[in-house]
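The structure appears below as structure tokens.
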Amino acid sequence: MASVFTLGSFNCHDRLNTFVRPGVQIGTPETRWEERESLHGINRQARVRTAALRTIVWPMRIVASNANDMRSRIASLRAECAKATNTAVMAPDGDSTQLTYRLVRQTQPSVPWDELYALQMAEFDLILTAEPFAYGSEVTLFSASAGTCPRVLDLSAMVGDYPAPLEISITATVEDIASLYAGLVPDLSFDHYNEGEDMTWVGGTNSDVADAAAHGGYTERNTSATAAVATYAHTAFYRRGTYLPLMRARTSANSARLGYGYGGSEYDYLEIANTTFRTHALKPVALPIVRTRPGTPANLQARIQQNVSGNADLDWVGLCPISWGFASWVHPTSDATTLIFGYDGTLYADGVASTEYKTGGPLYGFRTDRLCIFADDADGSEDALPCNVTVKYVPRYAQ
């Protein structure tokens, strides 16, 4: 028999006056619809699990010294049942691990009133209606994990039977954060970005140029109005879904053009005029870029050109997953030291909720996922923005 049975503040198994008798039923989540695909929906989960509410039954016995005492205890129990939201907590005997069930408003317990006076004892079934999940205690998956952006975190150490909401805290340790993009993808081998100088470019007048403000110390430069084109993602085996192309780039003067496409064609482009490095988001793209037979490539291409005289510099190109969970914060004029994506999707910039510059969320992670993070500073001086990342979650179980 379990050692802990509490309904809100009411101890249902104190072993003096309240007892949970044998025959506890915790119910089983009844899945109505296993999953729903939204392959190319922006800011939506691609996998959506839905289930019926579960019914929990605790066979109870309440013992009192007199009828008034009994009425008082029953009234306390009824008050907990009447709450709009509440929790039921269970833990096995000798086990410190507790499972929490989040309840909806309960029906009142059926109590045989004739026993209240004669025996000062009531036996009845307490029937509770709960969410499908059983919740464990909060887990810190990563604690101030140091690294530089762009970066990816492997969530394979998560426990639980269902995806769980994440709380993600990102703290810059050198320069503050002006833009942040975060996305989840159910692929533990996903490669989320490439540096410009590591790619093979065709066309334009391009070269690798040493630059302390660029990731890896080099930038890819095109001084021509003819586009330089390079493959930056072999998408044939990508998980089908929507991704956000990101490019960290600048121009020395006038304007430059960033774009992406396939087979030499440009699918989308963006004109930029910033003279310091900045992360730019283009139009979301459905990947694989084309459906091909095995062995036939489906290469996503990056494009950069300098429209008039000057230099177009590309630091890196990246892909932020969208379909499986996405959130971003981009401030046009300011920055923040710490950004926190809360469990409910609220974003806090240095402790204050910031809604006007935030999109997406909340983020639900699972042990098959990778978390991709792209963060940049305001003046483009950091080649790889150093950040400490903390990720927390509350496991959700089927039992």
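For the reader, a short list of remarks on this structure follows.
- Dipole of the chain, positive direction: furthest Cα of 81, 276, 188, with charges on the beta-carbon: 81
- Binned Cα-Cα distance frequencies in the stretch 166-301 - 10 Å width, integer %: 10, 38, 36, 15, 1
- Spacing of the two label points (7 Å from each Cα toward its C-beta) at residue 188 and residue 173, in nm: 2.6
- Shape of the stretch 302-399, Cα gyration tensor, a/c cut at 1.5: prolate
- Candidates 298, 58, 92 compared by Cα position along the dipole of the chain: farthest toward the positive end lies 58, with charges placed on Cβ.
- Helix axis angle, 67-81 relative to the chain longest principal axis, alpha carbon, degrees: 20
- Cα-based reach from residue 358 at 24 Å (exclusive), listing lysines while leaving out same-chain residues under 8 positions away: 283, 392
- Note on residue 337 and residue 388: their simple-model spin labels are 1.1 nm apart, each label 7 Å out from Cα toward Cβ.
- FRET efficiency, 1/(1 + (r/R0)^6) with R0 51 Å, evaluated for residue 273 and residue 129 via beta carbons: 0.30
- Residues within the reach of a label modelled at residue 307 (point 7 angstrom out along Cα to beta-carbon, backbone nitrogen below 16 Å), restricted to the stretch 264-286, are 268-276.
- Packing rank of 262-268, 301-307, 124-130, where each peptide gets the mean count of other beta carbons within 10 Å, highest leading: 301-307, 124-130, 262-268
- The Rg/Rh ratio of the stretch 320-365, with both radii computed over alpha carbons and Rh defined as the Kirkwood radius, is 0.96.
- Distance between the 7 Å Cα→Cβ label points at residue 97 and residue 25: 2.6 nm.
- Prolate/oblate/rounded call for the stretch 139-397, Cα gyration tensor, a/c under 1.5 rounded: oblate
- Centre-to-centre separation between the Cα atoms of the stretch 186-232 and those of the stretch 329-381: 26 Å.
- Amide H within-cut-off set for residue 51, under 5 Å, with H built and near neighbours excluded: 32
Computed from the coordinates by the stated procedures, all read-outs in this text should not be read as laboratory data. Since we're looking at a predicted model, the values are computed, not measured. Methodologically, a virtual Cβ is constructed for each residue, glycine included, from the backbone with ideal geometry; neighbour enumeration extends over all protein chains shown.
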